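Please treat every number below as a calculation from the coordinates, not as lab data. The structure displayed is predicted, hence computed values, not measured ones. Cβ atoms come from the backbone with ideal geometry, glycine included; neighbour counts cover every protein chain shown.
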There are 2 protein chains.
Amino acid sequence: MQAPTGALLSEVARQAGIDLNMPCGGQGRCGRCAVIVQDGAGVRRRSTLRLTPDDLAAGYALACQTVVEGDAVVVIPPQEKIERRLVTDKTAAKVILPFTYDPLWYQSVRLVPLVLDPPSMADQTDDWSRLRRVMSATHDVSDLTADLPTLRRLGTTLREHDWTVTGVVEMDTWDRPDGPPRLVDLLPPGRTEPLWGIAVDIGTTTVSLYLVDLLTGEVSTKAAEYNGQIKRGEDVISRIIYASKNGGLAELQSLVVDTINELIRRAVRRAKIDPSEIYKMTVAGNSTMIHLFLGLPPNSIRLEPFVTTINHPLPVRAGELGINIHPQANVDCLPGVASYVGADISAGVVGSQMCESNALTLFLDVGTNGEMVLGDCDWLISCACSAGPAFEGAGVRDGMRATVGAIEEVWVNSETYEPTYRVIPNPRLEARGQPTPPRGICGSGLISLLSEIFITGVIDKAGNLNFDLGSPRVRQGERGLEYVVAWGDETEHGRDIVITEVDIDNLIRAKGAIYAGFTVLAQSVGIDLAMVERVLIGGSFGQYINVEKAIQIGLLPDLPWEKFHFLGNTALQGALLALLNREYRHRVTETAQKMTYLELSADNTFYEAFTSALFLPHTDLAQFPSVAEVLGVRNET
Amino acid sequence: MQAPTGALLSEVARQAGIDLNMPCGGQGRCGRCAVIVQDGAGVRRRSTLRLTPDDLAAGYALACQTVVEGDAVVVIPPQEKIERRLVTDKTAAKVILPFTYDPLWYQSVRLVPLVLDPPSMADQTDDWSRLRRVMSATHDVSDLTADLPTLRRLGTTLREHDWTVTGVVEMDTWDRPDGPPRLVDLLPPGRTEPLWGIAVDIGTTTVSLYLVDLLTGEVSTKAAEYNGQIKRGEDVISRIIYASKNGGLAELQSLVVDTINELIRRAVRRAKIDPSEIYKMTVAGNSTMIHLFLGLPPNSIRLEPFVTTINHPLPVRAGELGINIHPQANVDCLPGVASYVGADISAGVVGSQMCESNALTLFLDVGTNGEMVLGDCDWLISCACSAGPAFEGAGVRDGMRATVGAIEEVWVNSETYEPTYRVIPNPRLEARGQPTPPRGICGSGLISLLSEIFITGVIDKAGNLNFDLGSPRVRQGERGLEYVVAWGDETEHGRDIVITEVDIDNLIRAKGAIYAGFTVLAQSVGIDLAMVERVLIGGSFGQYINVEKAIQIGLLPDLPWEKFHFLGNTALQGALLALLNREYRHRVTETAQKMTYLELSADNTFYEAFTSALFLPHTDLAQFPSVAEVLGVRNET
């Protein structure tokens, strides 16, 4: 194909409709967009950071860093498809609400029977005023408004159904709690059901959706899918960088809209409904995800002083965003607190019901970033630590996401230092009674592994591997010492699966950042972490953490295990409650407004706390009495 | 080209991009869409009403009435272009306002200087809240809102201009007089001008536009153009019928939008401004024009009981309608009263300042329909008479619009019965000192002619031509008696220009309908027409009427001439006042709300009054004392 001189190969590929994976967002850092240039004369490599001399000799180039300068033949290797292991793709899951649902009381959208007097020569009132008159007289709704597309169907629908219809009316929105009410649609007479809504959590990695019956409050269908933006950047920073490229923002916006539309397609097919019967959408997500979803440039989120365009987005119509539900349905993006404490956290706090109790509570959402909130029903303080994606498997040599083939738990024999592990099974192999060979280690596996090698003394408290153990598992690798978790003959790809000292260092920095966040939050309000009465853990990552091992590496504070509660996707739960109940919707706003935000990058105490946390479990062992006890037992034996 | 069996030739032509004139809206009534079918086998003529046997023999068919049933070769004759004689295409015309303009007091849209504190690590407030904070603190504007496209530019614009910008803010709209205020755009700092608006009157025949400086209140430019919908129907009924055809509504909507965009293009070029500097648009027009402009199906306007979809349209963004001004600018379609008393009349009443005086006033807008309002500052009563398009030159054999070549005034010698006439001149011929040969007779010419032949006795009071005069001007034509106004050797086309008894009958019916309207209005409030203190005549048609002659045929009531005031385009003037002054905007709504509407088609007294008015000047000559006097003088001589 034709391309202008100076175009990046990645842009040319996109124009040719070829989907290149770019997990780093096109920064030349991940090396995943490597292509083979068969005739090297016409291209110039700006960066080859991720390519070895052998790679270069073989013609490899990074598509995101290579510029077209003349004719070139480029071979694009097959792109690795992201495999799924999404647990929430289920039908008719029972979701428990913290209230007895009464749509008339709680729901802003309702079906309203409308019986109009037909016009006559004696009463030539226009259709719209006639409808408003009935709304006012029989439903006490004055000041009704409507969008132009709704008005365009008004006359025909009223006449088709002989002046008896059902109105879909949105009584108010978060930004105008007193209305004005809006006619969203007109349906045939006698319609008392259905009335659907969707709650969506746009995660950086996964987008999750509930299809909800707004009349009963029941979740009819769940669906989840990887965020289609992943191929343009694995973390929010990569995506922000990609968005600042020419056309990047529009592409990311359309990718996430496509993902949501695909989830809607699946959900409505399973529920056997029409997507135009969905009249409301409530969205949670971190601030970057919300910006990208709305097409707002996210650049200022990344640059000091880290501010968003808007923390409390205004309602937008689904049609304006390209979401395939009723085009006049409102899309309500929940409010966030700051650039790195977004609507996923304010919704998560409400979804977790953290504020319903007087107990001093620590709320925690660990993903690429660790966001945390400390408080009770009276006050809330929050912060975000850029833990990095180590616990999501990135930045670790054999790290991977929690999908098929990932080692998710490890046990190390304290005498032989030999490991045993459990792999996320491939259902097809499992059905045939065959074990699933491992491909790598996911977040929970890494926590488990780190704890085991620490407690058994394979590494010391600084994370250094003990080469003197005499175990063949500890060996000198290409880039320093490493511990072999699985030999090549056990693995899917035939290569050894290892954890290196560099990996261990990354993991310690990640857990250190998170624990330092707890410390600073507690210090800022003058309490001790031991006083925390409940730890609520949101996010799908949290669901698989082994608390004991997470405490042993100093990731979680050393509290009795029963104080930890894994709540799953609290952001989605919060979006659900806000979708259903205007009182809960109001609480999300209230939560976002009253939450104090601590900016850690401007905080010296954070840096001190972080440095102290760069040991296993911590420089101050007194903060981890249960771990001290285990270590004491080990040292005695 | 390919066409499905059963398609109308007119549809096929449209798909092929060929613009056929269809003044009757495709009803087969006008005969203007005639085409020549060279091979007749593949088509079927549904109606040939307007074709003679000779036409049929020559292969003629009406495109709007002919169905494709197989292969056919169709020749489309050159389509007559509508020639212009629009008087308002001028630059920098001085328009007088009835108030001293103060934009801060009257104007809803304003330029607001905004100096924001830049964000810092100590103040990470999001951009939107930061802007709202300044709006609230320094401009006392709380509750500010914005459309998504505006928010999408927010962060970039603020940073590009170092946190000092100029906001374009709309403080309120007619449907929400208390706000909320809306940020329409963000401009570079220090912008104190310009701020533009447009006032538009969408006439059935002509669309007129004022480009207005919202800071000074001055009209910078006027522009006018034939409504592009004309080729799809000359009157509102034809357009409504056309709109009900497949794709017809969308086509008519886009035709009028194209016309308005063309006027905007001309106006901004003359004023040397950018169309995106236009931040507000106010629109007047009859109810059908407003419906078509907004894309609302107008069908119910035509069918008993004649109701509109909406009389008080809600504000719509320019971008949603495809109007090429700032896409977030509001388009404010002024409110109407009923299907046939639209926003042109409520705006016209305000534009004419009818209600500013205690004097009993008759307001009149004669076009295809005659709309009239009687009242004073306390009460208003209105009605519409379907006068038909006779006074616009349609339905009269040699009738034409008031363009180049139209006879616009006629004098008849009371002894020889020979006419003298004045023709609307062709400027090119005029420049060379040559007379312009006539092509037909326009409305004012018809009034003048009718009055002259009546007063001179060429016709009697019932409109019958007096064959016994012995004048060669009165002769037996193809379809009855006719009076020759211009011999073929004087005319452009070489054919005689005549008025037939059928034409005369049509004109008498038209003037009778209008006068009957006056009578019913006056009767309904128990007054005599002679009590009327002022007659305000709006509409461009009115500007050319000779009052004396209009009274002599009984079109206008017999009042002293000084009571008649010709105001030109009162609808446009009303739109201008509403654009500039929120108080006047409110008056248009108030006028539309308080105006009583009399539906004449349901009124027996109208039929009686109409029958009585089917004479020249009227059955009851006592109502026309000045005419009686003239006739008395004539009879005495």
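Between the listed residues B:TYR421, B:PRO389, B:CYS377, the Cα displaced farthest toward the positive end of the dipole of the stretch B:370-449, a dipole computed from Cβ unit charges relative to the Cα centre, is found at B:TYR421. The order of the peptides B:399-407, A:454-462, A:585-593 by mean Cβ neighbours within 10 Å, most packed first, is B:399-407, A:585-593, A:454-462. Expressed as a whole percent, the proportion of Cα-Cα pairs in the stretch B:390-506 lying more than 23 Å apart is 23%. A cut-off of 5 Å between modelled amide H atoms, ignoring neighbours fewer than 5 places along the same chain, links A:LEU195 with A:LEU214, A:LEU215. Take each residue in B:334-341, count the other chain C-beta atoms within 10 Å of its C-beta, and the mean is 1. Counting only other chain Cβ atoms within 10 Å of each residue's Cβ, the peptide A:123-136 averages 4. Per the Kirkwood treatment, what hydrodynamic radius in Å, one decimal, follows for chain B from the mean inverse distance over all distinct Cα pairs? Mean inverse Cα-Cα distance, inverted, gives 26.8 Å. Based on C-alpha pairs under 8 angstrom that are at least 6 apart in sequence, the stretch A:103-187 has a relative contact order of 36 percent.
What does the C-alpha gyration tensor say about the overall shape of the stretch A:210-276? Classify as rounded when a/c is under 1.5, otherwise prolate if a/b is larger than b/c, or oblate. Verdict is prolate for the stretch A:210-276. The phi-based Karplus calculation (6.51 cos²θ - 1.76 cosθ + 1.60; θ = phi - 60°) puts the 3J(HN,Hα) values of the stretch A:4-16 at x, 4, x, 5, 6, 4, 5, 5, 4, 4, 4, 5, 7 Hz, whole numbers, x for Gly and Pro.
Cα convex hull of the protein assembly as shown: how many Å³ per residue?
Cα-based convex hull of the protein assembly as shown, divided per residue, equals 215 Å³.
Need the list of lysines near A:LYS563 for cross-linking: C-alpha distance under 24 angstrom, and skip anything on the same chain fewer than eight residues off. Counting by Cα, and skipping residues close in sequence, A:LYS563 has these lysines nearby: A:LYS511, A:LYS549. Computed from backbone phi with θ = phi - 60° and the Karplus coefficients 6.51, -1.76 and 1.60, the 3J(HN,Hα) list for the stretch B:322-327 is x, 7, 7, 10, 4, x Hz; x is used for glycine and proline. Over the Cα atoms of the stretch B:9-75, the radius of gyration divided by the Kirkwood radius equals 0.92; this is the Rg/Rh ratio.
Shortest first, B:ASP468 label-point distances to identical copies amount to 14.5 nm, with the label point at 7 Å from Cα along Cα→Cβ. Counting Cβ atoms of other protein chains within 10 Å of each residue's Cβ and taking the mean over peptide B:148-160 gives 4. Near A:GLY440, the amide H atoms lying under 5 Å from its own belong to A:ILE407; only residues 5 or more places off or on other chains count, and H is placed 1.01 Å from N.
Toward the positive end of the charge dipole of the stretch B:9-75, with +1 on the Cβ of Lys and Arg and -1 on the Cβ of Asp and Glu, the farthest Cα among B:GLN15, B:SER47, B:GLY70 is that of B:SER47.
The share of alpha-carbon pairs in the stretch A:147-281 lying farther apart than 27 Å comes to 38%. A dipole drawn for chain B from +1 and -1 charges on Cβ atoms has a positive end, and of B:TYR584, B:ASN569, B:THR138 the residue lying farthest that way is B:THR138. Using the Cα coordinates of the stretch B:103-187, the gyration tensor eigenvalues translate into equivalent-ellipsoid semi-axes of 23, 13, 12 Å, sorted from longest to shortest. For the stretch A:196-341, the alpha-carbon coordinates run over 46, 28, 23 Å along the three principal axes, in decreasing order.
Entry note, chain A: the mean residue ellipticity at 222 nm calculated from DSSP H runs of n ≥ 4, each adding -39500 (n - 2.57), is -9000 deg cm²/dmol after division by the residues and rounding to the nearest 500. Amide H contacts for A:THR205 (H built 1.01 Å from N in the peptide plane; partners 5 or more residues away or on another chain; cut-off under 5 Å): none found.
Across the stretch A:261-272, computed HN-Hα scalar couplings (Karplus, 6.51 cos²θ - 1.76 cosθ + 1.60, θ = phi - 60°) run 4, 5, 5, 4, 4, 5, 5, 5, 5, 5, 7, 6 Hz from first to last residue, x flagging Gly and Pro.
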